[in-house]
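Notes follow once the structure below has been shown.
The values are calculated or read from the model by the stated rules, or taken from the named source; none is laboratory data. Computed from a predicted structure; not experimentally measured. Glycine also receives a Cβ, built like all others from the backbone with ideal geometry; neighbour counts cover every protein chain displayed. Side chains included, ligands, DNA and RNA excluded: accessible areas come from the protein's heavy atoms. Shrake-Rupley method; radii C 1.70, N 1.55, O 1.52, S 1.80 Å.
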Amino acid sequence: MATPAATDNSSVPSLQLQPKFCFRSLQDMVPARVVLYMLSFSGFLVSFMMRTDINIAIVAMVKLPSTPTNSTEAQEKYCFVPPTSNVSEQPDVNITSLSEEGEFDWNPTTQSAILGSFYWCYILSQIIGGVLTQQFGTKTVFGFSQLVTAVCSLLIPQAAVFHYSALIVLRSIQGFASGLTWPAMYALVGHWIPSNERSRFMSSFQGFSFGIGLTYPLCGFLIAHYGWRIVFYTTGSIGLSWCVVWWLLAFDLPRKHPRITRSELAYIQRTIGNTVIGRKEMKVPWMSILTSPPAWAIGVTTFGRIWVHYVFIICGPLYMKTVLGFSIQKNGLLSGVPFLCSYLSSVIFCYLADYLVVHEILSLTNVRKLFTAVSQIIPGLLLLAIGYLGCEINLVLVTWFIAVTLITAAYAGAMANVVDIAPNLAGPILAFAQTIHMSASFLSPLAAGFILEEDTSLVAWRKVFGTAAVVAIGTYSMFQLCGTAEVQSWNYPDGKIPAKTAPEDLQLLSAKPLEKNNFESAAES
């Protein structure tokens, strides 16, 4: 019996005779899905650094709006006394200094156009992003979109000096490129991440919160010490560097990953099963998507969340400067810290959602609805409260912090629902949904600019916050009525939901050796 045993051992020398500690074994200790998580997290972090840097930079770029010269009148409408020419007479409070006076005389409407221009073309590129991802894959689409956005960031200072219309053009190009990223990454989730891990993986998308949280304090520091131009040079350079890392480490399909282990590949294949097929074999059923109530529910309800979110992201720094009177550094810090912490809250929400599903405490559909409600209804009410807290600055900041934190529950709610209803078409579904809900990203600042055109006082800001609250709470009703986590029949080429794979078949699949070349050839056939 000794001879056959020796023969069996020699048949798998690569698994038993390799050194106990080697670089390959260290690589195998980090699952490919973890690497993908970090790439997703860092990708959205960098993307939102380049997207939101102007939100804080524009506070230093433009001149302060005119405020009442009478201190009593000013205190009734603002939470600080406007600075006078005699700086030494100013009290030791967090007011904007005269040295931070901007160089551009742009009115609120022009500023809103500049801030919102990013999202005009961002919406137009959603459907295109879904189509391009189906054809070329996430690696190419996501990588090139980041590259274009980074190059535009480097050109923004020159464009702003030339004319604000040139700045709007560059921001529009950035928006079009960035609009490709979300459909691309969602498509990757459908191919890589099993359903019981999706809520947790979706927390990687909260890299955008981390990006915002880092960008605002960083930009506040850079502007205070080096001027607003260095902001765009910094974020653009970071974007270019990230593109190199992405190109080296990202892969569209698990079977194409050169460092994935056999066990992880088998696990992904058997848990995803036949809900996902190769993208070239699947035509996008656009008519089915356009007439799907669950798809519309995702788009409409998320419109309300985006409206509220962009009040904090875009309008927030302006509110902190014009009403609360914070200096640029304190403005950046207080605008950014809630978003840093919101990443941690997103991880908690997503793990809690998976726990509720795995332990069958709630159905997946009810989990999605619960966390969607938390992300919209409560922040909407808190934003309304901020408008009536007036100059109780400590209470305003606490309420602001809680609202931004709760918004991230959406990534265990409606945003994760994109993959639930059609894992095979996650990219196109997100493209459709974002075409609807991302319109709020430019409508929200445009509405704020219209309301604040003649008056930037507390009373006017109360209208901005109240409008956002109504939109957020009203749109949630669509998801409550039509939202579901059931896989839709049009997720499959024949329009029929297949029978579940038998447990014994999964065992055979996991036991079968998965040599790379054989697996790839079988998949292609």
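According to the square roots a ≥ b ≥ c of the eigenvalues of the Cα gyration tensor, what is the shape class of segment 295-442, taking rounded for a/c under 1.5, prolate for a/b larger than b/c otherwise, and oblate for the remainder?
Because a/c hits 1.5 or more and a/b exceeds b/c, segment 295-442 counts as prolate.
Determine the share of segment 246-392's accessible area contributed by carbon and sulfur atoms, expressed in whole percent, with a 1.4 angstrom probe. Can you show the working numbers first?
On the way: 3900 of 5830 Å².
With neighbouring chains kept in place, the figure for segment 246-392 is 67 percent.
Kindly report the accessible area of segment 152-272 per residue (heavy atoms of protein chains, probe 1.4 Å, no ligands, DNA or RNA), in Å².
34 Å²
Keeping every protein chain present and rolling a 1.4 Å probe, give me the accessible area per residue for segment 371-487 in Å².
With the other protein chains kept in place, segment 371-487 gives 31 Å² per residue.
Taking the highest mean first, how do the peptides 337-345, 211-219 order by number of other beta carbon atoms within 10 angstrom per residue?
Those peptides, ordered most packed to least, come out 211-219, 337-345.
Ranked from highest to lowest mean number of other Cβ atoms within 10 Å per residue, what is the order of the peptides 37-47, 235-245?
Per-residue mean Cβ counts within 10 Å order the peptides as 37-47, 235-245.
Which far-off residues, 5 or more places away or on another chain, put their amide H under 5 Å from the one on residue 104, with H placed in the peptide plane?
62, 63
Pairs 256/369; 139/330; 283/369; 256/283; 63/330: which exceed 27 Å Cα-Cα?
Beyond 27 Å: 256/369; 139/330; 283/369.
For the ranges 452-460, 440-448, what's the packing order if you count other beta-carbon atoms within 10 Å of each residue, average per peptide, and put the highest first?
440-448, 452-460
For segment 182-247, how big is Rg over Rh, using alpha carbon atoms and the Kirkwood form of Rh?
Here Rg/Rh amounts to 1.12.
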